[in-house]
Structures are given as structure tokens and as C-alpha cells.
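Novice: Dropping a structure here in C-alpha cells format, bear with me for questions.
Every read-out reported here was derived from the displayed coordinates using simple, explicitly stated rules and does not represent laboratory data. This one's a predicted model, so the numbers in the text were calculated from it and none came from an experiment. Cβ sites come from the backbone with ideal geometry, for glycine too, and all protein chains shown count toward neighbours.
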Ligand SMILES: Nc1ncnc2c1ncn2[C@@H]1O[C@H](COP(=O)(O)OP(=O)(O)OP(=O)(O)O)[C@@H](O)[C@H]1O
Ligand SMILES: [Mg+2]
């Protein structure tokens, strides 16, 4: 689903990613681990072009999204992202956080279709009879879009047990609640994959579990996930692949069983001896 | 000073007896209109300039716009507002063949002028919003512009509300120069009352009081608004 080919990123003359190639398949749970400053976040942020790659290709659903000429916004809708510091929209309530993007994007598409239909009589004037276009069927309304998004958002909130928090602002939530809302905000877009950048490292220890549990249940449902994490136990249990990144390169790629019990490279051995 | 009560009596005769209060109300209305419309235009222009300043400058268009904004801001901050009023009223608009009343020109010029100041306020307001807000918006597939409008700018405005309030108060006080282009504001009305009675002391004192009361009311309004906004942060 994602095919990363020789990805490079440098900040000034600092080479942070040095030719990374990897294929992510549908249903993969990939955990990315590595020492601090090795380029894990940068790699993840390049995948949805939050940082523009300075070289290489990222083929996502058949399109090279590292190419500047593609409309990156369209592709990001299918590639969710969850941040270390949650980044819920502070000026929106919990349910608005979840509904905002789906409603905005569908409304935008609806308006586009309406505009096109409106102009159709004019554009058709200049086309020969067999090329005249029929109006796009408009099957929904703005109110309907909103109602659907709201229902979906409520269901997502129920899933994480926070339906009574729908109308509060994020500042009143605990860290674990914020991160779970952030995860379902991504889910509301029905993404093909979600990128997680250390989703639990800003949390108090007692809240790590609730977030990891939610991620586990998503994994069981077959959602594709790419997770930068320091939670080795979680990686061992949930991942089907582990990427070990150091100095901007993939040093090792293996199944979790193999990686944790029998690391190949000296660097990975060294790293594991420190964190385990 | 001995005949102060006579002066007061004379003022009251004109103010009530000759119904000068009607003119005062008109002047007050114009003062407020210029300040409010000026502030609204200023916020719109200021926000646009602030966004231009913040957009990444890889491409040519943002760079060109940035230069234009710089010239704009420097021009309006580098000249007194009276000069701007006179230039617009007597030079620029006649040259362009646009006819506007003194009141309309005042609203326009005060808007353009405060836009230059508000752009700096707004820029620092936008920069004070955590960068993660923009990233989160972009990550769900919203455009830079949409995220700015729906997420970042509302939070920026909230952060700079006290400063915007001060800008509004400054505008109200500065409107006292619009009589240069013939707009009837508080100053002009009281000046007229003074000249018709050959007595300026009481009218000017009353004028000063009206300005002070206006400013006090607005300050109180801003405080209320701030408080209710802060509450919305924690609403349960
Ligand atoms: N915007 C930037 N400008 C310059 N250098 C940067 C920038 N972002 C990251 N870097 C550098 O790139 C390197 C890799 O950073 P990155 O955040 O990807 O590391 P990481 O593996 O995620 O580390 P951590 O585990 O601490 O989060 C670091 O040396 C960092 O200083
Ligand atoms: Mg990181």
C-alpha cells in the first residue's frame, strides 16, 4: 500500500534520512524503533509529507505523493496521523474535533458538484452532442452530511467510552482521553493507514494502557498502522514487523520475535541492551 | 472662573434648549461608526497581511505579496493619520475619480491604517498558537487556508483580544481628527457648540467626559468578553 523508495531528507547540510526503502502492506502493523535522534519522527513525517522529502519516492495507493504536483491534501485524508502531544483542536469541542474534517471535506465536494451542475448548461454549449455531460447526481445535503458525521462521531466516542464528553473542550480531558479522541479523530476519515509518533510518551504511566489497548483493538480489526514507539512490550506483542532505524537508515527489519530474541546488527544489540 | 455657573447655564441652554444634543448624538454615532468599521476593516486586512507574512516563501507569489505587504505596512505606519486622511480625501480619491463623503473616507483610512498595526498584532497572535494545531489540521487533509481560518486564527484572535481592545480604544481617540476632511464627529460638534456661544470651556470638558466614559465602557466590555472566552475553555 505504501512503497517507500530511496527516501532522503536533509535539513540544511544535515542528512537525517539517508536512502530509506521499505514496503508497507495492507494490514501491516509496523513498529519503528531506534535511538533518539535517529530520524524516526522525520521518517514518519515524510510519509505524509508533513516534512517534504528531499529525495526519493513515496508511492501511496499507486501515486507518488512526494511529487510536489500532487494535491497532498487528498492523499492525507487516507493517511491518518496521531501525535505525541495529541494536538486536538483547542477551539473545538470533542465531537467537533472528530466531525470537522469529514464535514468540511464532504461539504466542499458537494459544493463542487453543485457548482459544476450549475455551469453545465454553459460548458455543454461548447461541446458536440455526443460529448455533452449529464449533471452529477446529488444524493445528499449539507444537513445530511452533518447528521451522518455526528452519528459516526458519536459511535466512535462510544467505542472509547467518552460519549458523555462529546460537548466539552479538550482542555478538560486527561492525557489518555485526549490521545484516544485524537485516534478516533483520525479514524473518522476512514483512513487506509494511521501513522503514530510516540503516541504514549507524553502520557502519565497510568494512562499508557488505555491508549495501547485502543491501538491493539484497531490492530485486531486489521487497520494498517505505522508506529514509532519506545514501548518494546507493545511492539513485541502487536507488531508483525519491526524496523530498527539508526543514523537515518533502516539497520534491521525483522519480525518482532526474531528482532527481540536474536538481533543481527551490533547496533540493534547495543540498543536493546539499553532499553530492555 | 467666577462665572462658571453662567457658563454651564449657557451650555445647557444650547445643549438642551437649542437641541444641540441631537448633533452630539450624531457626532457620537459617527465617531463610533468610524472606529468600529475601521476596526473591522483593520482586522480583515491585518489578518491577510499576517497570513502572507507567515506562509512559507518557497514560491514566487508569496514572496511578491510579502514585499507588497511590507511596503503597505511601512507606508501606513510611517505617516500620521491626518496626512493619510488628507491625501486620500484631496489627492488619491479625486485622482481615481472616486467620490466619497468625509465620513466614508474616514472609515476607509482608519481601516487601512489600523490594518497596518493589527497585522503585527495578528502575526504574533498566530505565532503564539501551538504549531501542532496547524499540523493536526493538515494531517486530516485540510488545506493551509482552511486550517488557518477554522483552527489557528480563532485561537490567535482569542490570544490577542486584549490588544485588539486597546487598538479599538486608540481608534476611538484618534477619530478626533476626522473633521479635517469634514466628517462630523464628537470634536466637531462640541467645537460648533463652543463657537456659537463664544464659550469653549464647558463644551470641551463635557467632550472629554464623553470620551472617558466611552473608553471605560469599552474596557469593561473587553473584560467581560475575555472572561466569557476563558470560561468556554473549561465548559463542561
Ligand atoms: N526541522 C528540523 N530542522 C533541523 N533539524 C531537524 C529538524 N527536525 C529534526 N531534525 C534533526 O533530525 C534528527 C532526527 O530527528 P527525529 O526527530 O526524526 O529523531 P527521532 O528518531 O524521532 O528522535 P526521538 O526518539 O528523540 O523522537 C535530529 O538530529 C534532529 O535534530
Ligand atoms: Mg521523534
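Novice: Please arrange B:226, A:252, A:151 by counting, for each residue, the other beta carbons lying within 10 Å of its beta carbon, fewest first.
Specialist: If I rank by nearby Cβ atoms, fewest first, I get A:151, B:226, A:252.
Novice: Based on DSSP H runs of at least 4 residues, each adding -39500 (n - 2.57), what is the mean residue ellipticity at 222 nm of chain B after dividing by all its residues, to the nearest 500 deg cm²/dmol?
Specialist: Helix-only estimate at 222 nm: -25000 deg cm²/dmol.
Novice: Could you compute the FRET efficiency for residue B:204 and residue A:171, with r as their C-beta to C-beta distance and R0 at 30 Å, rounded to 0.05?
Specialist: 0.05
Novice: So, one more: Considering every residue in A:100-107, what mean count of other chain Cβ atoms within 10 Å of its Cβ is obtained?
Specialist: Values: counts 7, 9, 2, 0, 8, 4, 0, 0.
Mean inter-chain Cβ contacts per residue within 10 Å come to 4.
Novice: Return B:224, A:100, A:195 ranked ascending by Cβ neighbour count within 10 Å, so the fewest neighbours appear first.
Specialist: By the 10 Å Cβ count, ascending: B:224, A:100, A:195.
Novice: With no solvent and one equal point scatterer placed on each C-alpha of the stretch B:51-181, evaluate the Debye formula and give log10 I(q)/I(0) for q = 0.11, 0.17, 0.20 Å⁻¹, two decimals.
Specialist: -0.52, -0.99, -1.15
Novice: Report, to the nearest 10°, how far helix B:60-77 tilts away from the longest principal axis of the Cα atoms in chain B, using its own Cα long axis and a range of 0 to 90°.
Specialist: Its long axis makes an angle of about 20 degrees.
Novice: How many nm separate the modelled label positions at residue B:44 and residue B:120, each set 7 Å beyond the Cα in the direction of the Cβ?
Specialist: 2.4 nm
Novice: Could you tell me how many degrees, from 0 to 90 and to the nearest 10, lie between the Cα long axis of helix B:102-127 and the main elongation axis, the longest principal axis, of the Cα atoms of chain B?
Specialist: With rounding to tens, the tilt is 40 degrees.
Novice: Moving to a separate point now. So between residue A:269 and residue A:114, what do we pick up on full extension, going 0.36 nm a residue minus the alpha carbon distance?
Specialist: Here the segment from residue A:269 to residue A:114 would lengthen by 49.8 nm.
Novice: Give the average over all directions of the projected area of the C-alpha convex hull of chain A, one decimal, in nm².
Specialist: 17.9 nm²
Novice: Across every pair of different alpha-carbon atoms, what Kirkwood hydrodynamic radius in Å does the stretch B:7-235 reach?
Specialist: In the stretch B:7-235 this quantity evaluates to 19.8 Å.
Novice: Evaluate peptide B:141-147: per residue, the Cβ atoms of other protein chains within 10 Å of its Cβ; return the mean as an integer. Can you show the working numbers first?
Specialist: Working: counts 17, 8, 5, 1, 0, 6, 4.
Counting Cβ atoms of other protein chains within 10 Å of each residue's Cβ and averaging gives 6.
Novice: Mind listing the Cα extents of the protein assembly as shown along all three principal axes, in Å, largest one first?
Specialist: Principal extents (Cα only, largest first): 103, 67, 49 Å.
Novice: Output the antiparallel fraction of DSSP beta bridges having both residues in the protein assembly as shown, as a percent to the nearest 5.
Specialist: Rounded to the nearest five, the antiparallel share is 55 percent.
Novice: From the P(r) of the stretch A:127-276, can you give the percent of Cα pairs sitting at distances over 22 Å?
Specialist: Taking all Cα-Cα pairs of the stretch A:127-276, the fraction more than 22 Å apart is 55 percent.
Novice: Oh, and also: Could you compute the FRET efficiency for residue A:247 and residue B:28, with r as their C-beta to C-beta distance and R0 at 51 Å, rounded to 0.05?
Specialist: Here the calculated transfer efficiency is 0.15.
Novice: Quick check: the distance between the Cα centres of the stretch B:109-142 and the stretch A:213-276, to the nearest angstrom?
Specialist: 40 Å
Novice: Taking neighbour counts of Cβ atoms within 10 Å as a proxy for exposure, in what order, fewest first, do B:195, A:38 appear? Numbers along the way, then the final one.
Specialist: Numbers: B:195 11, A:38 22.
Fewest-to-most ranking of B:195, A:38: B:195, A:38.
Novice: Next question. Restricting to DSSP H runs of at least four residues, report the calculated mean residue ellipticity at 222 nm for chain A, -39500 (n - 2.57) per run over all residues, nearest 500 deg cm²/dmol.
Specialist: Estimated from H runs of four or more residues: -13000 deg cm²/dmol.
Novice: Can you grab the distance from the C-alpha centre of the stretch B:1-79 to the C-alpha centre of the stretch A:175-193, Å, no decimals?
Specialist: What the calculation gives is 46 Å, centre to centre.
Novice: On to the next question. When the chain is fully extended, how far beyond the present Cα-Cα distance does residue B:226 get from residue B:12, taking 0.36 nm per residue of separation?
Specialist: That pair, residue B:226 and residue B:12, stretches by 73.1 nm at full extension.
Novice: May I ask for the distance between the Cα centers of the stretch B:148-186 and the stretch A:64-137, given as a whole number of Å?
Specialist: Answer, in whole Å: 36.
Novice: Tilt of helix A:142-159 relative to the longest C-alpha principal axis of chain A, in degrees (0 to 90, nearest 10)?
Specialist: Tilt of helix A:142-159: around 20 degrees.
Novice: What is the Cα convex hull volume of the stretch A:127-181 when expressed per residue in Å³?
Specialist: 144 Å³
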